DNA sequence: TCTGGGGTCCTAGGACCC
DNA sequence: TCTGGGGTCCTAGGACCC
């Protein structure tokens, strides 16, 4: 049997690259893209990285370097990024039959035998030419090694965006100069525990005894070790496994104290979450409502309750879920706190075609279910995902909203998904 | 003033059963 | 005085990811 080979294709600075495709003024200058609520920096162009702006940093901590270097700051535009991602993925599928979409900007491929460096280089060029998005490709006999190779392809520009660690004559030297924390699946905690065992570099970890790692770090550690040694333990997941739960939450633009405003914000989250499960043909059998004060404001009293509720009969009805969620919110709400966030989690998801009805259910068709489906269809056709045309009164109106709506002050147009925001070419 | 959101997997521990 | 052991299922919380 021939050895399997994987590739990890990763879009470079994905959100920034998407912005640049439609706005050439952003080329060759430092740019950053912000998280929801314009809070943290979640994507940086190479020029911004070179300025030392760290990933995940709060925007307000970087104001000085941003102003001094005239860094362009953009709010996130997930509608655009989602569409660009779909374009990249469809090109990958044209070239390779086994594709696992791992995240919005990454995909694992299982490579055919004849797929060499030349083929990888061609693939890169095609994605760039057809979408405007630059990608790096890492290859290896396991997913972990492909991911690690990708890490080097991104860091070392002389590799030309391609790398295969196992083929490299100095692979041991390279691994000896890489911290274990750079490995996929090794976070702060595992890195510290490895350090306690006397291993700081990837090479030291690679040469560790499987029995020792199993004992000290459990199955998670052993799997990493084996993958690092070329024993494939992770398969390609071409068909995404069924979703376990759906969450919808947002920080508020500013603090909120009144129950009415919290209700309005939560109603919007319930609307989004229930629309999502309907889209997947799922019903929820339990839900969780959470509330949170601003954990960064140590001087303010903190309160962060979560409450769960099981449903006798699973549902995806927006109004039904809104009603229950509102009662749950009432039961955990306490006045006198300044709240920063509320959210809903829909769990115990089952398919609408095959769920276990309650013993005590009266089998009636739910007329509201039809209303939801009609609203979904209208919103899909005429609204945009962030701003649906039809909403419930409990979700408030543009005028009624006060503090809870999130900030998004520097969003670029939805170039590819909204007729009204198409780019305009002038001759 | 300002500090994201949405997931998965694993483990430990309690409840419960025989 | 003496008070089992092994299994499953569920949940909460931690760790990690992008």
Inset, instruction - Go through the residues of the stretch A:60-70 one by one and say whether even a single one is more than 16 Å from DNA strand C (Cβ to nearest atom) and under 18 Å from residue A:11 (Cα atoms). - result: no
Legend entry - Among residues of the stretch A:199-212, those that are modelled with pLDDT under 95 and within 16 Å of DNA strand C (Cβ to nearest atom), counted: 0
Inset, instruction - Being touching a helix residue (DSSP H, G or I) at 6+ places or on another chain (Cβ under 9 Å) and under 15 Å from residue A:93 (Cα atoms) is the filter here, so list the residues in the stretch A:120-134 that pass it. - result: A:122, A:123, A:126, A:127, A:130, A:131
Inset, instruction - Scan the stretch A:170-194 and report the pairs whose first residue is free of Cβ contacts under 8 Å to residues at least 40 places away in the same chain and whose second residue is assigned to a loop (DSSP other than H, G, I, E, B) and within 16 Å of DNA strand B (Cβ to nearest atom), with Cβ atoms within less than 8 Å and a gap of 6+ or a chain change. - result: A:180/A:186; A:181/A:187; A:194/A:186
Inset, instruction - Considering each residue of the stretch A:17-51, count those that are touching a strand residue (DSSP E or B) at 6+ places or on another chain (Cβ under 8 Å) and surrounded by 22 or more Cβ atoms within 10 Å (Cβ to Cβ), and give that number. - result: 12
Legend entry - Among (1) on the phi < 0 side of the Ramachandran plot; (2) within 12 Å of DNA strand B (Cβ to nearest atom); (3) assigned to a helix (DSSP H, G or I) - the single one residue A:91 does not satisfy: (2)
Inset, instruction - Examine the stretch A:117-124 for a residue that is touching a residue at least 12 places away in the same chain (Cβ under 8 Å), within 13 Å of DNA strand C (Cβ to nearest atom) and part of a helix (DSSP H, G or I), and state whether such a residue exists. - result: no
Inset, instruction - Would you be able to say whether some residue in the stretch A:131-138 is surrounded by fewer than 17 Cβ atoms within 10 Å (Cβ to Cβ) and either over 26 Å from the mean Cα position of the chain (by Cα) or without any contact (Cβ under 8 Å) to a residue 12 or more places away in the chain (or both)? - result: no
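The values are calculated or read from the model by the stated rules, or taken from the named source; none is laboratory data. Fair warning: this is a prediction, and the values are worked out from it, not measured in the lab. Cβ sites come from the backbone with ideal geometry, for glycine too, and all protein chains shown count toward neighbours.
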